[in-house]
Amino acid sequence: MPNWTKFDAEVIKKTHGDIFYYRDLYEGKHSEIFPRAKELIEKGEITDNIMYGTHRAKNVRTPYIVANLCKLIPEIPAMLVSRSIGNIQTSFSPDDFQAENINSDTDEIVDEPRDEVSKIINVQQEVIDQIQKNSHLALEHWGNILQQQLDGGLVGVPWLDEKGLRLEFKARDVYYPHDDGLGVDLAYEIEIDEQEYLHVYREQVVNGDLHTRHMLYLLNESRKTEEVPEDETKKLLGMNELEKVYPGRGRPFVIYWPNEKTFMNPLGISCLKGQDGKQDEINWTLTRNAITFERNGKPRIAISKEIMAALQERAQERYGDESKIDHRDLEITTYDDNGKAMEVIQIDITKIGDIQWVKDLMKLMLMETKTSEKVVDFYMENTSTSAQSGVAKFYDLFTSLIKAEQIQSEYIYFLQQLIESALWLANYNDPAVVIEEPEILLKSMIPISRKELIEENNMAYTSETQSLETTIRRNNPNASEEWIQEELARVEAEKTSNDSFSLMRGHQTIQQFMGNRDENGNPIQNNQDDE
């Protein structure tokens, strides 16, 4: 396990690599990390007002151009996957074999008998709903997936304290696994009373039981540590106890989700790894073109020496300064010996640089990161303005969707394991709570019209391949759980409504009503009536 004698950037880099570099790359701080950009800024050929302020740009008009494709690469899968994550539902139903035990345990807790086991299942769902609400989970999906792609990993931790049972998500650089694979340390740098501390939370499996412990270290100016005594640690952290043992828990509560895990990179890699060189070249080409345009793109007027002298003379007479040439004086000019008065010179800016080279670099970056070109759509001249069906959108975004589906399945597993850990903590305090990996409902990654959505789900329901509850949920993805249950009850009530005639004779059809009439609709006379 880690020996916390020192904590600085080198300690983080040794375990997690240069994740701060990739964060700067994503945030567009390219003028701080690319050598060619820094050199041009130092020489004064270009400027970055955001970095150095306008005082450095007095005589420089060309900015450093950044076409930040490194921002889109992690954001595209984050956008697709986050919008597809729906509500989280318990996987238990009222007829599950565990229901009887749940019922008896809960009766002891609430001191009153329960007639319907389904009420206990509702309590189970209420626990899961509280975890979602306490964690603000609906607001975390996009940031979680983005950070996992950017850093190459994401940490999830279940907590149970005075704030309630919840999930917390943390950046990769706090995670330090033990070499034996039986534990993990989470290290945070915190400030208490203007003093820097290192807070270490440790989980370790010993003889089949999970041991947790909080440790606090004082950080000096050289970033070396000194462990704080236990009593003082409790006071500084506001805790009554620093150690706990969870019998029977054979794995840590902390869950780590790596990106593109391999044997060479067991903690995962950033999706931007290897893209910095191409991003630098894109910025360099665009900035170089901007410099050339600034110097040569504006029209210039060439005139003879005689005309220039005449203009200066008029400016001296009119304003007392020969440099204040009035453009109106150019309207009437004299010709020189060759018949020329003045000439407008302008360079053909379409020949400057190679924008196609920039597009090729972008295409290469998208290919290496498994990102569909249509998502970025930088070929604006080929963009279709007509409406597209969901199928057409699917094939346009095929590459990104394949990548997003892989991320989606991993994220669902990550959430399920985290909620299972949280339910384990809840069960430790209340045996009536069931430990499970709940079901996570999914929505479409690709936006479709509400008409298409309803038609698709209604067709599945009428063909008996989808339940009524699932149909209502998918037709109303943003509805609350209470509304869905009420709507389900209303639909069921309308389906089973009967009148007294229907109860005696059964539901009537038009053929049944026409059964005692001839083909012209006239009543058929009974023979007994005739007699």
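Observations on the model:
- In this structure, residue 178 and residue 462 have a Cβ-Cβ separation that, at R0 = 41 Å, corresponds to a calculated FRET efficiency of about 0.15.
- Contour excess over end-to-end distance, with Cα ends at residue 126 and residue 206 and 0.36 nm allotted per residue: 25.5 nm
- Model label sites at residue 486 and residue 246, defined 7 Å from Cα along the beta-carbon direction, differ in position by 3.7 nm.
- Its Cα centre serving as origin, the stretch 240-299 has a Cβ charge dipole (Lys and Arg +1, Asp and Glu -1) of approximately 140 debye.
- The lysines within cross-link reach of residue 38, meaning a Cα-to-Cα straight distance under 16 Å and a gap of 8 or more places when in the same chain, are 29.
- Separation of the residue 264 and residue 189 label points, Cα + 7 Å toward Cβ, nm: 3.0
- Computed with every protein chain present, the accessible area of residue 239 is close to 50 Å² [probe 1.4 Å].
- Between the stretch 188-221 and the stretch 435-464, the Cα center-to-center distance that results, in Å: 45
- Once the Cβ-Cβ distance of residue 20 and residue 323 is raised to the sixth power relative to R0 = 60 Å, the FRET efficiency obtained is 0.70.
The values are calculated or read from the model by the stated rules, or taken from the named source; none is laboratory data. Just so it is clear, the model here is predicted, and its values are computed rather than measured. Methodologically, a virtual Cβ is constructed for each residue, glycine included, from the backbone with ideal geometry; neighbour enumeration extends over all protein chains shown. These accessible areas exclude ligands, DNA and RNA; they are computed on the full protein's heavy atoms, side chains included. Shrake-Rupley method; radii C 1.70, N 1.55, O 1.52, S 1.80 Å.
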